[in-house]
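A short write-up of the structure that comes next.
The values are calculated or read from the model by the stated rules, or taken from the named source; none is laboratory data. Small disclaimer: the values here were computed from a predicted structure and weren't measured. Here the Cβ positions follow ideal geometry from the backbone for every residue, glycine too, while neighbour counts run over all protein chains shown. Calculation scope for accessible area: heavy atoms of the full protein, side chains included, ligands and nucleic acids excluded. Shrake-Rupley method; radii C 1.70, N 1.55, O 1.52, S 1.80 Å.
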4 protein chains.
Amino acid sequence: MSDNSARPRGGRPRRAGVGAAVRQAAEELIAERGYAGTTLDLIAQRAGVAKTTVYRRWRSKSHLAIDTLADLLGDPPAGIDLLSPITWLAAQVREPSVRRLLVGLVGEAGQDESVRAELRARIREPFTRHLVDEFGLSAPDVDLAFDVVVGALLHRLAMTGELTDTDALAVTDLATRLVFGR
Amino acid sequence: MSDNSARPRGGRPRRAGVGAAVRQAAEELIAERGYAGTTLDLIAQRAGVAKTTVYRRWRSKSHLAIDTLADLLGDPPAGIDLLSPITWLAAQVREPSVRRLLVGLVGEAGQDESVRAELRARIREPFTRHLVDEFGLSAPDVDLAFDVVVGALLHRLAMTGELTDTDALAVTDLATRLVFGR
Amino acid sequence: MSDNSARPRGGRPRRAGVGAAVRQAAEELIAERGYAGTTLDLIAQRAGVAKTTVYRRWRSKSHLAIDTLADLLGDPPAGIDLLSPITWLAAQVREPSVRRLLVGLVGEAGQDESVRAELRARIREPFTRHLVDEFGLSAPDVDLAFDVVVGALLHRLAMTGELTDTDALAVTDLATRLVFGR
Amino acid sequence: MSDNSARPRGGRPRRAGVGAAVRQAAEELIAERGYAGTTLDLIAQRAGVAKTTVYRRWRSKSHLAIDTLADLLGDPPAGIDLLSPITWLAAQVREPSVRRLLVGLVGEAGQDESVRAELRARIREPFTRHLVDEFGLSAPDVDLAFDVVVGALLHRLAMTGELTDTDALAVTDLATRLVFGR
DNA sequence: GCATAAGCGAGACGGTACGTCCCGTCTTACA
DNA sequence: TGTAAGACGGGACGTACCGTCTCGCTTATGC
């Protein structure tokens, strides 16, 4: 939800709304043209902001993407049953913007430990913490379930370009059994 | 296993060994420096070949990578039990060169249908066909198992940068249950 | 008018008509697309001949072009007055194919002495010899007149892209005065 | 004399000296290796500048060459007699760097109207304007004289590779008679 | 009639340059 | 200190064309 808003002392304050506008632009463009097809110049332009401003707030394109994705995902729904957060996760992956962000970021993660760390902290951990707190599950199990759901669906997408309800259901089932049945 | 070796008639025949040398160079370099960090110029140079020669045989870096990967994977082992091909698959994904090729290709697949098609035909289909023929399983189930194993492991790698035996085992179990237990 | 037809002994004789067809193709293509825009592959293709065949007969694109140009120019007209060969020369330069061949060759000549030599022997010398023999003029004077006419007109073309009657006339006058009035 | 120095508002100003360094490098390299033998990479490297910087300031190699040439030529000398500017022009053409630039540009001009236009505006027009203003001559006559001098000398160079004093003198005479004697 | 010699079509190959693209950094002026 | 604007270095991309090469096949001559 944030760039790195801790800007305590002197100088001109940051212009409000810039963070949101940039994330919004990034989300739209990546949904339209994919991660690699989206330029930082393009994002800045659509957000009505200078490229410098973007780089002052985010270290790199990847880090902006992670922030955008985290913002987009929001929190898993509070509910009584275990099924709903997992189903929610699968539904999120089916959103074009989420999917294309994830695919791009998985690619970058291979090259850059800081991306991996950020991805864990901002994307997976909130989900895991939610299930651990809510249902008393073991964190490693939930992490694994997360990786199975997201990874399997993403990989299916990479293979076929689309994702049927049946696929999504099968994978959610599997993940549920994983955390539940052991 | 091949570029497009069907060169029936006239003209100077393709120099033997070039295909293998280029794939070899691609494999090594991608293992060393990752997919994105590997240049076609570099591959050509290490293979002792002109860049134009590479582009004459493969449409793009992605297509060369798929060919390299297919060559590298080879066929799943013939065995009596169902477990061994799935275990074999997980083991393959743990190989650095296979993994980095896969990660790069999953990224490209998002942008390019022809990459997806080739990926299905050259990478997943041989595996699926093997299990269908050998054990009489349903193709969609095996496809899904493939996507679960490869996707989940790749995603874990993207999140943590490494892959423990425990992770691999858990995922293989899951996939086995998937094809077996239904 | 010739490639290098002296092929005394054994072996399969050269196919008749190839020389003419290639020159014809070269002339047409260069007239259409300019010297630099014309590929040897293209010429060979239009002539219905393999590229190898072209290179067996001509050392390079430049040498083919010189041969084509010499063929195209033919001999200056026999006439009683001195004016007509010079007017003829100016008229030739105004032909698109001649002009574009010349422009291309002047460019190449800067790089390659063998092109210069060939250009002298095949293009300028026939003209000069004609005027020397016919009218008893001095060879250096005629050479200079040639360079003035061709050079000035070509340069005007390079500057404006076209050549009016007035321009052509003024330059022919000048050249005539040059050889005549001294 | 300049790239397109009109950079009125905002943004990082262009690094001073880059224009001059690039033109200098281009001049030297073209004098050494000819127009076609000179790469933009090479020019950029010798100028200590990235290739992209060169392309940001000049549309193409040709346009850089025109700019370099204009800079190199400077203005014709102010003098009392008509002879001196024409002699000066002939002397300039005999300079290796000027000559090789001109030869290359004449070749490019055939392919590209924008090169022709730039050549007229930056190279010929300053010369013509000078003679028109200074001696009240007619612009078309001076243009023609320019084309005769430069064209004839360049063409002689293309034919023989060198240029004697006698040649230069003969052509200057001719051009002088042209503007003077009518 | 069969060896020898060259021509030819087809297309692979090495090499070199091109002009474009995008990232992330920088340098100004102004707010 | 933030911001707009845009220059800059660096590096890869995929394309184009040249002139050479290597095959298999064809067509002549000379023994």
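Scan the range A:151-168 for residues that are touching a residue at least 40 places away in the same chain (Cβ under 8 Å) and more than 8 Å from chain B (Cβ to nearest Cβ) and report the count. Number of matching residues: 2.
Scanning the range D:121-176 for residues that are β-branched (V, I, T) and under 16 Å from the mean Cα position of the chain (by Cα) gives D:I123, D:T128, D:V148, D:V149, D:V150.
Note on the range D:96-136: enclosed helices (runs of 4 or more DSSP H) holding 3 or more residues that are aliphatic (A, V, I, L, M) are D:96-109, D:113-119.
Restricting attention to the range D:99-145, the residues being crowded, with 23+ Cβ neighbours inside 10 Å and of a type in the set (G, A, S) number 5. Number of residues in the range C:27-49 that are within 17 Å of the chain's Cα centre (by Cα) and either near DNA strand E (Cβ under 10 Å from one of its atoms) or assigned to a loop (DSSP other than H, G, I, E, B) (or both) equals 4.
With respect to the conditions (1) in the same structural domain as A:I30 (by TED's automatic domain parsing); (2) more than 16 Å from DNA strand F (Cβ to nearest atom); (3) of a type in the set (S, T, Y), A:S114 lacks only one, and its number is (1). Counting residues in the range A:146-165 that are open to solvent by 30 Å² or more (accessible area, probe 1.4 Å) and over 24 Å from B:V115 (Cα atoms) gives zero.
There is at least one residue in the range B:24-40 that is near DNA strand F (Cβ under 10 Å from one of its atoms), surrounded by fewer than 17 Cβ atoms within 10 Å (Cβ to Cβ) and β-branched (V, I, T).
Scanning the range B:128-150 for residues that are charged (D, E, K, R) and facing another protein chain (nearest Cβ under 7 Å) yields a count of 1. Within the range A:28-43, residues that are within 14 Å of chain B (Cβ to nearest Cβ) reach partners that are open to solvent by 60 Å² or more (accessible area, probe 1.4 Å) and of a type in the set (S, T, N, Q) with beta carbons closer than 8 Å, at six or more positions or on different chains, in the pairs A:G34/B:Q111; A:A36/B:Q111; A:G37/B:Q111.
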